[in-house]
Amino acid sequence: MLVERIVEQRLGKQLTPFEFVLIFYLGGLTLTGMVGIEASMVNGVCQILTLALCHRTLSMLRFRSDRVMKVLDGVPLILMEARGWRTDTLRRMMVQDDDVMNVAREQGIRDLSGIRIAVLETFGQIAVIPKPQHPPRDA
């Protein structure tokens, strides 16, 4: 966690799933570097610093280039819009329409008519944007 904080300096809620995996991977590297055939603290520290440097380099490239960011992070995918479900996207991402409706119900949307758009974000969560509510007009 210390190396991750130094490398990224983000808040805990902002860590991506990849960064959580990286933290566990760093623990494994530490273990193999100190318990393996050539057990030494220097070996473990070198492995961790190499991985941290690679991660930092990729983060800097991602920040400076939109193309690299799209390759590393992906792009948000539209699951549902005004014309209806995008079934091929749902199937490819292995998302059920019930998953989208669960997120919608959590936001107080009862049926499809209340959804303007549903998006699978790059970090894996589904975002549902409701249709704007128009107040009834007085006649």
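Here, each number is a calculation from the coordinates, and none is a lab measurement. This structure is a prediction, so every number in the text was calculated from the model and none was measured. Note: ideal-geometry Cβ built from the backbone for every residue, glycine included; neighbour counts use all protein chains shown.
In the distance distribution for the stretch 75-130, Cα-Cα pairs more than 15 Å apart total 37 percent.
Taking the Cα centre of the stretch 75-130 as reference, the dipole from Cβ charges on Lys and Arg (+1) and Asp and Glu (-1) amounts to some 140 debye. For M80, the amide hydrogen comes within under 5 Å of the amide hydrogens of R86, A118, counting only partners 5 or more places away or on other chains and with H modelled in the peptide plane. The phi-based Karplus calculation (6.51 cos²θ - 1.76 cosθ + 1.60; θ = phi - 60°) puts the 3J(HN,Hα) values of the stretch 51-65 at 5, 5, 5, 4, 5, 5, 5, 5, 5, 5, 4, 4, 5, 8, 10 Hz, whole numbers, x for Gly and Pro.
Look at the alpha carbon pairs under 8 Å that are at least 6 residues apart: their mean separation over the length of the stretch 75-130 gives a relative contact order of 41 percent.
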